[in-house]
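Below: the structure, in structure tokens.
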Amino acid sequence: MKLLVTGAAGFIGANFVYYELEKHPDDVIVGLDALTYAGNLETLEAALKNPNFKFVKADITDRDAVDSVFEDEQFDIVVNFAAESHVDRSIEDPAIFLRTNILGTQVLLDAARKYKVPRYHQVSTDEVYGDLPLNRPDLLFTEQTPIHTSSPYSASKASSDLLVQAYQRTFGFPATISRCSNNYGPYQFPEKLIPLMIANCLADKPLPVYGEGLNVRDWLYVADHCKAIDLIIREGRVGEVYNIGGHNEMTNIDIVKLIISALDKSESLITYVTDRKGHDLRYAIDPTKITNELGWTPETMFADGIKITIDWYLNNRDWWGNIVSGEYTKYYEKMYGDR
Ligand code: NAD
Ligand code: DAU
């Protein structure tokens, strides 16, 4: 099998490349990435030593560049991870989200059709379902939950899902979509909650908790997301949406306190800051469909996954140290300076 993995130099894309190279050592993977602020070729250093992995620097909105990759390689499967992924950035500047997440997806769909790729997978998010109330723990997102978005990020991701479904219906395009809850693990960019809190704790910097810290996210270890996508692209039914999540709901403040305690720091670092605009209250995935149809279950419990993740950030300070000391400092000042 030959796979195209877009967004391969990002957090989940890179973890997926490593998962596939190990699980299917005979498969060939082409990783494509524009290397935006969130893409880091260092993350793929080990993969680049594998003769079955090749990297192409390209922007998914660049039709000529994308077509030429599809022309050169005959892909059996395309997995699209490439996206602008950070909600706060989408609130500051929505335009790039629409461009990459919607138009970029369209370019990939057109190329996959033109070059008759037998299987396309769109990596989507639970955020397309909007949010759930905090006082209704009985409610979960199913694949039937209506699309109801809150941020420019989630609106752009929902738009790309709708485009994929339109290509399915109109052209008989062979696609699947997955909608996963919040991921955590190695190589996550330090703008996201868990790595940001680890990095700030280690630097004894304030820990900026939005609002009262009571919003709930449903955390899944990244390798379990990769395992689910691997099953969907090989055994999932064309035309279907699969939700992915491991029933692991936690409030933000509990996550922050857990990190503080694991790093033996003081809770006095916690600083409550102005809430995110339009902040989704709670996400919670019902994974019954993928469990029943494909036998997927998560393997890494949160207590283990968070330990692995914290240890990874402790042992790989160069990877994120370079990020937090570079261009990212300007972003951090802008977002948190007088919040
Ligand atoms: P990320 O920001 O870490 O990585 C995104 C990657 O896409 C980066 O390497 C970036 O360089 C690349 N990219 C951005 N624009 C591009 C373009 N125009 N052309 C080519 N490459 C481009 O994001 P992530 O957390 O790894 O998320 C990957 C995918 O999974 C996204 O589609 C996201 O919506 C989805 N998702 C993420 C989570 C999560 O918790 N992180 C959960 C569910 C779904
Ligand atoms: O649910 C899946 C989504 O999870 C993905 O589609 C997105 O790509 C991914 O970024 C993530 O979105 P969130 O907005 O949930 O993740 P983030 O890490 O930005 O924030 C998690 C929670 O923590 C959220 O309620 C906001 C809060 N938060 C975040 C940051 C960065 C803080 O309280 N302080 C912070 O500094």
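The values are calculated or read from the model by the stated rules, or taken from the named source; none is laboratory data. Model, not experiment: these values are computed from the prediction. With ideal geometry, Cβ positions are generated from the backbone for all residues, glycine too; neighbour counts draw on all protein chains shown. Side chains included, ligands, DNA and RNA excluded: accessible areas come from the protein's heavy atoms. Shrake-Rupley method; radii C 1.70, N 1.55, O 1.52, S 1.80 Å.
Numerical summary
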{"quantity": "The one condition in (1) surrounded by fewer than 24 Cβ atoms within 10 Å (Cβ to Cβ); (2) within 8 Å of ligand 1 (Cβ to nearest atom); (3) not hydroxyl-bearing (S, T, Y) that G104 fails to fulfil", "calculated": "(1)"}
{"quantity": "Residue check for G39: within 16 Å of ligand 2 (Cβ to nearest atom), of a type in the set (G, A, S) and not in a helix (DSSP H, G or I)", "calculated": "yes"}
{"quantity": "Residue satisfying condition, being within 15 Å of ligand 2 (Cβ to nearest atom), more than 30 Å from L314 (Cβ to Cβ) and at pLDDT 95 or above, within set V128, V164", "calculated": "V128"}
{"quantity": "Filter result (of a type in the set (A, V, I, L, M), part of a strand (DSSP E or B) and open to solvent by less than 30 Å² (accessible area, probe 1.4 Å)) within the range 1-36", "calculated": "L3, L4, V5, I29, V30, L32"}
{"quantity": "Members of the range 172-210 found to be among the acidic types (D, E) and more than 8 Å from ligand 2 (Cβ to nearest atom), listed by number", "calculated": "D204"}
{"quantity": "Count of the range 142-194 residues which are in a helix (DSSP H, G or I) and within 14 Å of ligand 1 (Cβ to nearest atom)", "calculated": "14"}
{"quantity": "Residue among E249, E235 that is open to solvent by 20 Å² or more (accessible area, probe 1.4 Å), away from ligand 2 (no atom under 16 Å from the Cβ) and within 30 Å of K23 (Cα to Cα)", "calculated": "E235"}
{"quantity": "Matching residues, the range 72-101, being acidic (D, E), part of a loop (DSSP other than H, G, I, E, B) and open to solvent by 50 Å² or more (accessible area, probe 1.4 Å)", "calculated": "D76, D93"}
{"quantity": "Test: residue in the range 259-269 that is near ligand 2 (Cβ under 10 Å from one of its atoms) and either within 20 Å of T125 (Cβ to Cβ) or not aromatic (F, W, Y) (or both)", "calculated": "no"}
{"quantity": "Given (1) within 30 Å of G246 (Cα to Cα); (2) touching a residue at least 40 places away in the same chain (Cβ under 8 Å); (3) in a loop (DSSP other than H, G, I, E, B); (4) within 14 Å of ligand 1 (Cβ to nearest atom), index of the condition P118 fails", "calculated": "(4)"}
{"quantity": "Pair list, Cβ < 7 Å and 6+ apart or interchain, from the range 144-170 residues that are small (G, A, S) to residues that are part of a loop (DSSP other than H, G, I, E, B) and open to solvent by 50 Å² or more (accessible area, probe 1.4 Å)", "calculated": "S150/D131; S150/G278; S151/G278; A155/T149; A158/I147; A158/T149"}
